[in-house]
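Trainee: The structure that follows is given in the form of structure tokens.
The values are calculated or read from the model by the stated rules, or taken from the named source; none is laboratory data. On a predicted model such as this, the values are computed, not experimentally measured, just so you know. Counting neighbours? That spans all protein chains shown, and the Cβs are built from the backbone with ideal geometry, glycine included. For the accessible areas, the whole protein counts, side chains as well, though only heavy atoms, and no ligand, DNA or RNA atoms are used. Shrake-Rupley method; radii C 1.70, N 1.55, O 1.52, S 1.80 Å.
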Amino acid sequence: MALARAARLVLLFIVLSVLVSMAAVAATILLATRGPDIEAESVLWLRVPENLAERPSDHPLGQLLGPRDTVGGVVDALRKARVDDRVRAVVLVPPLQPGLWGKVQEVRAAVQDFRLSGKPAVAYLEYGGGQQYYLATACDQILLAPTSPLDLVGVAMYEPFAREALDKIGAYPDMLHAGDFKTAANVFTETTFTPFHREMNESLSRDLYEQLVAGVAEGREMPVPAVRALIDDGPFLPGDAVGRGLVDGLAYEDELMERLADGGEPLARLPYADYRRVDPESLGLDAGPSLAVVHAVGPIVLGDSSADAGGGSVAAAQPLAEALRAARENEAIEAIVLRIDSPGGSAVASDLIWREVVRAGAEKPVVASMSDLAASGGYYLAMAADVIVAQPGTLTGSIGVVGGKLVLGDMFAKLGIAVEAVSDGRMAEMNSAFTPYSDEARVRVQALIDAFYEEFVAKAAAGRSMTREAVHAVAQGRVWTGRQAREAGLIDELGGLLQAVAIAKERAGIAADQEVTLVPYPRPRSFFEVLAGGLAIRSHLLQAGWPGTPAARVGSALTVPLRLFRPGEPLALMPYVYVE
């Protein structure tokens, strides 16, 4: 009897603990989502977060643990500030770490749109790197921290090559590809650039450089030749940056606020972390017909998990296919925007998602919007859309296929580990991680890769209303910037998510000045669904501390093919690049 009473007390304690924990979570979420009190004559202090994500955390627990900020959240803050009478000006503080260029251009366009309100936008550079400066040139004025140099020196691209390291440990990359420019496997197979690889990267770097020059010339009202000469003279000491007309002055934060007050009453500083909690509908925004925004973020994989064990998001075939079906079948959804930020991945998974894009497009307008990346498998998803929109600096294209395996037999032998196999069937050990392909197996793998390449090209030709020969000429695995891709016929328009939404509205017969409600897909997961998936919690904990340094990002990228794909699996995957 005493034992039963004790068991009931323990059970009661557990239930009460769970209820108290749930109440605490609910209270925290309520406090976090309640709109802030905003003073009149406020200055929105918009410190752009590092490593912007495409979509918020998919569960409440992740939000409590520290969600990554989204590019949409930053853009929405500027949209709200444009129509909010309480906001007098915006101070833009660019992120310190450089990244790819698509999201930067998304924020830059939003700043330019904010300025149409007549309110001032002032950039404050704590550190004046090239990409930070490019973003700052969207503002009316640029102020630099008094001791910061202006590190405006151009554009550089880096790619790692690990072949010598693999040779030292006895690992052999047995890789094949379709397309002269399909260089995703080069990180494992080469010690330096191949001629095709170098040609492609030089073209990408040159076009991004020209975009940097054009942005600075436009923002600072300088001739293009003068900007090129200034970049070649960089970096600049703070005083020289002022003297050369690249920035408007040197100031600390408190002095900047005094400048904005212009001798009047002190202005209230409104942090972005507070302002992002303002409901857009309270300002007359985001209310009206519904458009779906289907997010395809991360490497494309088979299966149903939206996160991999390394801590990053993945674009899994099953949930994305279900999201596209749900958006298609929802009668309240007028059109679909497919938002892609992916380097590609599994060829089969890409094709499964593509099929659902085709089915959705047969019933509703579908517009693809490309973020930093929509290459290889990422482009595969987009090519069935009615219209494709990309930023000038988006990396896209890479229509090609790669496959193979990393052979670890010699590495295990060096460690004194012997691996023996028994098998039935002549090709049963074809994808073994312990022996290279036989001549016959290599022929079969190459045939599989070539067949999928032809499928890729044929579907791209149908989606883009081009001939097979025209697509092949710009395919072969070659990566393009968005600006180059438009010239090649691979995309339709330059712009960001808001431009894609405007096109989707037009195709759905919605007036241009009509506000719309953007409905995210796949839907956010509930707190209880999170509790049911331990891996998802662990993965988000890792992602919350996502490595921000270039070296850390390189290390993580090198392991993606090994973590996510099977030996011999055909991959529509672009090479890893780091741009600054």
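Trainee: 7 Å from Cα along Cα→Cβ at both residue 438 and residue 322: what's the point-to-point distance in nm?
Mentor: In this crude label model, residue 438 to residue 322 measures out at 4.2 nm.
Trainee: Oh, and also: Given a 1.4 angstrom probe, what's the average accessible area per residue across region 95-247, in square angstrom?
Mentor: I get 39 Å² per residue for region 95-247.
Trainee: Let me check the size of region 355-425 from its C-alpha atoms; what are the radius of gyration and Dmax in Å?
Mentor: That works out to 21.1, 60 Å for Rg and Dmax.
Trainee: What is the percent carbon and sulfur in the accessible area of region 232-288, measuring with a 1.4 Å probe over the protein chains and ignoring ligands?
Mentor: The C+S portion of the solvent-accessible surface of region 232-288 is 46 percent.
Trainee: Which percent of the Cα-Cα distances in region 435-490 go past 19 Å?
Mentor: For region 435-490, the share of Cα pairs beyond 19 Å comes to 40 percent.
Trainee: Using a probe of 1.4 angstrom, how much of the accessible area of region 292-370 is carbon and sulfur, in percent?
Mentor: C and S fraction of accessible area: 48 percent.
Trainee: Could you give the radius of gyration (one decimal) and Dmax (whole number) of the Cα atoms in region 222-299, in Å?
Mentor: My reading of the Cα-based Rg and Dmax gives 21.1, 52 Å.
Trainee: Separate question: When N is the residue count of region 111-236, what does its C-alpha Rg come to as a fraction of 2.2 N^0.38 Å?
Mentor: Dividing the Cα radius of gyration by 2.2 N^0.38 Å gives 1.45.
Trainee: Now for a separate question. Between residue 455 and residue 194, what is the spin-label point distance in nm, taking each point 7 Å from the Cα along the Cα→C-beta axis?
Mentor: Label-label distance for residue 455 and residue 194, simple model: 2.3 nm.
Trainee: On to the next question. Over region 248-341, average the accessible area per residue using a 1.4 Å probe and give it in Å², no decimals.
Mentor: Accessible surface, normalised per residue, equals 42 Å².
Trainee: Here's a follow-up. If N is the number of residues in region 268-382, what value comes out of its Cα radius of gyration divided by 2.2 N^0.38 Å?
Mentor: Working it through for region 268-382, the quotient is 1.21.
Trainee: Oh, and also: For region 124-180 and region 415-452, write down the distance between their C-alpha centroids in whole Å.
Mentor: 37
Trainee: With every protein chain left in place and a probe of 1.4 Å, what is the accessible surface of residue 232, to the nearest 10 Å²?
Mentor: 120
Trainee: What does the C-alpha gyration tensor say about the overall shape of region 256-303? Classify as rounded when a/c is under 1.5, otherwise prolate if a/b is larger than b/c, or oblate.
Mentor: The shape class here is oblate.
Trainee: Let me ask you something else. With an 8 Å cut-off on Cα pairs and a minimum separation of 6 or more residues, tell me the relative contact order of region 335-477 in percent.
Mentor: This gives 23 percent for region 335-477.
Trainee: Moving to a separate point now. Give the peptides 391-399, 447-455, 277-285 in descending order of average Cβ contacts within 10 Å, highest first.
Mentor: Those peptides, ordered most packed to least, come out 391-399, 447-455, 277-285.
Trainee: Which whole number of Å³ per residue matches the convex hull of the alpha-carbon atoms in region 184-332?
Mentor: Per residue, the Cα convex hull of region 184-332 comes to 283 Å³.
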